[in-house]
Every structure is written in structure tokens, then in C-alpha cells.
1. Please list the non-local residues whose amide H lies under 5 Å from the amide H of TYR67, H modeled 1.01 Å from N, same-chain partners needing a gap of 5 or more.
2. Using θ = phi - 60° and the Karplus form 6.51 cos²θ - 1.76 cosθ + 1.60, what ³J(HN,Hα) does each residue of the stretch 20-29 get, whole Hz, x for Gly and Pro?
3. Please list, in order along the stretch 9-15, the HN-Hα scalar couplings obtained from phi with the Karplus expression 6.51 cos²θ - 1.76 cosθ + 1.60 (θ = phi - 60°), rounded to whole Hz, x for Gly and Pro.
4. Per residue of the chain, what 222 nm ellipticity follows from adding -39500 (n - 2.57) for every DSSP H run with n ≥ 4, rounded to the nearest 500?
5. Give me the percent relative contact order of the stretch 1-52, please, defined on Cα pairs under 8 angstrom at least 6 residues apart.
6. Tell me which of SER18, LEU73, ILE44 sits at the most positive position along the dipole axis of the chain, charges placed on C-beta atoms (Lys, Arg +1; Asp, Glu -1).
7. To the nearest 20 Debye, how big is the dipole of the chain about its Cα centre, given +1 on the beta carbon of each Lys and Arg and -1 on that of each Asp and Glu?
8. Which lysines does LYS46 reach when only Cα atoms under 18 Å apart count, and residues fewer than 8 places away in its own chain are ignored?
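We did not get these values from a lab; they are worked out from the coordinates using the rules stated. What you see is a predicted model; the values in this text were computed from it and never measured. Cβ placement follows ideal geometry from the backbone for every residue including glycine, while neighbour counts extend to all protein chains displayed.
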Amino acid sequence: MIYTNFREIDKAGRIVISKDIRRHLNIQAGDILQINADDECITIRKAEPKCVFCNNPEDLTAFKDKYVCESCLESLKAD
């Protein structure tokens, strides 16, 4: 199913994502969204957690709202 909304940008540059779209994409308050732009299009998607050092999305451990993969965690322990 495709959800389409038309929203006005407020003076601060914000838009509201409707409740039905947030529910469909499981977006909660505090989630991080990834915003990409090219010459004619803006894409907003829910960001997937990735390692802060190597961007690996697998085998993550959370630490103070950041993620570190197992490989980088082992490297940090070795130093």
C-alpha cells in the first residue's frame, strides 16, 4: 500500500509525518530518520543502526545511544 500526504513546511523548516505513515513504518518518537536529497527528490527513511566506526549493520552492541559492531569492539579491547 502506498501512503501519500501533502504537508506544508513550517517557518522552522519542519514537516509532520502523519500517524498512519509512522504506524506503517514503525516510527516512534526519538527514532532517527535518514534524509537524502538529489537534484529533484528528497527521500526520508527510518535509519538502521550501524557501527559508529565501520558502518557495519550486524552484530551490534549498544553503548550510550551509539552502536559498535563485534569486530570494532574487539579492536577497541585490544588497544
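1. The list, which skips near neighbours in sequence, is VAL52.
2. Result, ordered by residue: 5, 6, 4, 5, 4, 9, 6, 9, 10, 4 Hz.
3. Per-residue couplings from phi come out as 7, 7, 4, 8, x, 9, 10 Hz.
4. On the way: 2 runs with 15 residues, N = 79.
Counting only the DSSP helices, I get -5000 deg cm²/dmol.
5. Details: 29 pairs, mean separation 11.2, N = 52.
Relative contact order here is 21 percent.
6. Result: SER18, furthest along the dipole toward the positive end.
7. Numbers: 12 positive and 14 negative charges, 96 e Å.
The calculation lands at about 460 debye.
8. Correct list for LYS46: LYS19, LYS66.
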